[in-house]
Structures are given as structure tokens and as C-alpha cells.
Amino acid sequence: MNRVRTRFAPSPTGFMHIGNLRTALYAYLFAKSSGGDFILRIEDTDRARYVEGAVEFIENTLEAAKIIPDEGPHHGGNFAPYVQSERMDIYKKYAEQLIESGHAYRCFCQQSEEQSGEKKFGGYDRHCRDLSDDEIKKNLDAGVPYVIRQKMPLVGETTFFDVLHGNITIANSELEDQVLLKRDGMPTYNFANVIDDHLMEVSHIIRGTEFITSTPKHVLLYQFFGWELPTFIHLAPVMGKAADGSISKLSKRHGATSFDDLIKMGYLPEAITNYVALLGWSPKNTNQEIFSMEELIAAFSLEGLSKSPAVFDYDKLDWMSGEYFKRMSDQQFADSARSFVELDENLSSKWIFLAGLLKTRVSKLSDIQPSIKFLIEKPPFDAELFVNKKNKITVEKSIEIIEPTIGVIERIDDWTIEKISAAISEFTTSTGLKVGTVMWPLRVGLSGQKVTPGGVNEILYLLGKKNSVARLNETLDNLRAL
Ligand code: GLU
């Protein structure tokens, strides 16, 4: 077999949809698992859709996801340039070659381009398909602008093989004489894509199913040129599940849809990549779910690809993300999460300790700030929170427990988590009450909420002695005033 060469060929729209990221990832994994090359090619011939800075955005996204091209605009390679708008001469040459061989023709019709939209099959009446040499010359001499159209066979059918979908056949009579080169010399996607895949020696084309209907037109071009066909793999789409349970293509209404959105929410790039890898691919003979990039490369094969659509499951991503956090050291987690939190001076000095508590409790870094806000600013007093049937806690009981605890806390001389734990534990034993009964009013009194990351000892440590005593005194006053 020829060397495996795959490519990711995004249009620079300034956005990396999860589905596109997955396409890039599979193309990368397949190339790397076969000892081949992964190419980044920018398909920017549709200038109307061009977004400034989008190429850098794509490159940065791939880098963050650790999908590293062997060849590309800024990665070198023998097939440069890798940006289609810099390859105009090449497309012109091949379009003219097709005219020579009778597989394409110049079309001088007005509004020809507008009629060329793929959706509008039948829109173009093939008026210029059989113009006489004289008519062509007359138009050219008069400087009438023209597009170049593909001369589709009028009979027969075109068949190609897709690894996931098997043989796909279409009647040639269904195919429009599509535009290959526009008036301004810009190639269409359907033309440039074929020329480049051939010239860049792409062996396997991995892309979304939305391109499956264009593929017969591509296949005909390969045949016209007498080029060897690459292997086609059209991936099933990534779907989203709406609140009402309905399934449709993943879009904004389902939640975040781009790699960037997920990064901003505080998922780690490696967790996203890992999750995305399993959206439509599964490893053979293992239930393993957590994969490093190296492990993905080792495990990847085309046989593991699913031909049915995968549903993006945000809960599953949360779970996986949490697994990545748990595997980090406190220091690593603290570093990753630091830009997601605003800390006061006190908490900054205890950040690694706090990060250690949070590490096992969060699924995305943007959840952290709301969950630690109470440490900086105590929520308003709410007497209801103190009443708890299970722990037999009432307002009176809360006062009974909080009052002596203040003295206990004041007597702790060395403010370490060990000393605090020992003092609180000794006090609990002395009351003869259950641990839960003692902890309930203390937790609520200190934090102003029922649930906290970490227990009473950790909250005490984090708040500091003075602040803890102040909060409990204030709570006591509020409870007494009821
Ligand atoms: N430029 C096309 C796109 O963005 C690439 C399709 C293909 O991979 O052939 O989506």
C-alpha cells in the first residue's frame, strides 16, 4: 500500500465545531497509527466566508488539542503552498487541461455563477456545453467573462467505495455541470479539493457525511484526469439531544458546540480530545475510556469507526473531565484552575490546599468560582438552613453547639489543618453527640450554606481563625435574635 497520507481541510470560518475537531482527530490518529503523514490544508477559496485570523485560530486549536500536522501552512512539507488561495495557477492549469480533453467547457452565460449552486440542480441548462469553436472564439475575443464547467457524462453511473458505507452509486444524469473555476479564476471547493488531494498524495479522505453527495463529482474528475482514487471515509455526524429528548445535528441549542467554548468553560483540552475520540469510534477488545493521545494512536483503527451518528453527551464529558482532574497533582490542578478563579489574599495563600479539595469535586473549571464564593463573602443569614430533621438539629440546638465551639477555636494555637481537626474532634467527643449533629450547625454557621467543598475542618482552615470566630459570633447573634 502507498504511504498513508490524510488531511484536514477546514474552511477558515473562525470556529472549530466539535464535529470538525473530531474529523481532524480521526484523520490525525489514522495517519499516526499507520506511520503516515497528517496534512493541514486551508480551503479558503470561498472569500465570502473568510474570517480574518481564522487560519491562526485553526492552527492554535489543533495545537491545543495536540493534533499536530506534519505538513501545513506553518509546518513545512514538500507540497506547499497549503493554502488554496495561493494555488490559483495550479487550478487554472488543470481546468484548462480538462477543457482540452473534452471534460470541461467555458460557459459564457450571464449569472452563470449564481445558477451554479449545488442545491439548484437543473438550474443550469447546459447552454454553453456544445458551443461551436466559432462561438467560443467570438466570446473570447469580445472579452465575455466565463466560468469553467465540468462536462458530466449524460449516461451511465458513477460508483465509489466508502469504507463505512460500502459502494455508493449515482446516475450521471443526476449530476449538474458544476462550476469548477469561477469568473475571477477562483476554484470551487469541488474542484480545488480534488486537485489538491491528488497533488498532495492524500491516500485517505476522512470527512463528514455531508460531502458524500459531492463525492461522485469528485470521482468523475479523478477519472477524467486518469488519477488513482483515494480511499473515502465519510463520518457519521455528531448529534445533540434536546431537553425534549429529540435528536438533531449538534447545534447551539444543545449547548457548547466548539472546542473553544468548551475550553472557556474549563474543560481540559486533553479531556475534550479524549471524549471526542470516543464519539463515533471505539477501541477493540477493551472498555478503556481514558486515553492519552499516544494510547489513542496505538488503539486507533478504521474498523472501530461507527457508521451511525453519535450523540454528544455533556454528562459523559463532565465525568471524563472529572477523571482527568482527579489524576492531576494538587499543584497541577491549582495551576490549570488559577485563571478561572478570583481569590482574596487569604485564599491565594491557601490556593493549593483549596485546589486539592476542589480537584475531586468539579467537572469543569468554571464551576469553581461559584462553589468557593462563600469563603470570600458569607451568604446572608438564613435560619431555615439550621433546621435539619435527620441530624435532630433545631435553632436552639445550633446555639448550644456553636457557643462552646467558639472557645474551642480560639484556643487553637497553631492554625494547621491537623490541629484544627484534633480540636474539633476532641470537642465532638466531649459533647457525646453524633459527629453529624455537631458538624451541621458549624458548617451552616461558617459558610451560610448546607453544602460545601470540604468539611468543617477545611472551611475553618481556609477562613482563618479570626474570620471563623467572627462568622460564628455573628451567626450566634442572628440565631439568638430569632
Ligand atoms: N473545506 C471543506 C470543509 O470545510 C472540507 C471538506 C473535505 O474535507 O473535503 O468543510
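Points to keep in mind about this one:
- Taking Cα atoms only, the orientation of helix 435-447 departs from the longest principal axis of the chain by about 70 degrees.
- In this view, the solvent-accessible surface of Val4, computed with a 1.4 Å probe and all protein chains in place, comes to about 10 Å².
- Neighbour-limited loop hits for GluC sites (Glu not before Pro), segment 270-351 (at most 12 other Cβ within 10 Å; DSSP other than H, G, I, E, B): Glu342
- Ordering of 379-388, 193-202 by burial proxy (mean other Cβ atoms within 10 Å per residue, highest first): 193-202, 379-388
- In degrees, nearest ten, helix 54-64 long axis to first principal axis of the chain (Cα): 50 degrees
- Distance between the C-alpha centres of segment 171-197 and segment 213-274: 22 Å, rounded to the whole angstrom.
- Relative contact order of segment 301-397, defined on C-alpha pairs under 8 angstrom at six or more residues apart (%): 27 percent
- Accessible-area ranking of Ser398, Ser308, largest first, probe 1.4 Å: Ser308, Ser398
- For the chain, the cysteines with no partner cysteine C-beta closer than 4.7 Å are Cys109.
- Legend: distances between Cα atoms for Lys249/Lys284; Lys92/Lys249; Lys378/Lys434; Lys252/Lys378; Lys316/Lys373; pairs beyond 32 Å are Lys92/Lys249; Lys252/Lys378.
- Distance between segment 23-88 and segment 351-385 - C-alpha centres, whole angstrom: 41 Å
- With contacts taken as Cα pairs under 8 Å and at least 6 residues apart, the chain reaches a relative contact order of 12 percent.
- Structure-based [θ]222 nm, the chain - -39500 (n - 2.57) summed over DSSP H runs of at least 4, per residue, nearest 500: -13000 deg cm²/dmol
- When you filter the trypsin sites (Lys or Arg not before Pro) in segment 208-289 for DSSP loop state and at most 10 other Cβ atoms inside 10 Å of their Cβ, you are left with Lys284.
- Helix 18-33 and the long axis of the chain differ in direction by around 80°, with both axes built from C-alpha atoms.
- Counting only Cβ charges, +1 for Lys and Arg and -1 for Asp and Glu, the dipole size of the chain around its Cα centre is about 1260 debye.
- Restriction of the trypsin sites (Lys or Arg not before Pro) in segment 1-58 to DSSP coil positions whose beta-carbon has at most 16 other beta-carbons within 10 angstrom yields Arg3.
- Of all DSSP beta bridges confined to segment 116-246, the antiparallel ones make up roughly 60%.
- Sum of side-chain charges, Gly208 neighbourhood, beta-carbon under 11 Å (Lys, Arg +1; Asp, Glu -1): +2
The values are calculated or read from the model by the stated rules, or taken from the named source; none is laboratory data. Being a predicted model, the structure only gives us computed values, none of them experimental. All Cβ positions, even for glycine, are placed from backbone atoms using ideal geometry, and neighbour counts span all protein chains on display. We work out accessible area using only protein heavy atoms, side chains counted, and drop any ligands, DNA or RNA first. Shrake-Rupley method; radii C 1.70, N 1.55, O 1.52, S 1.80 Å.
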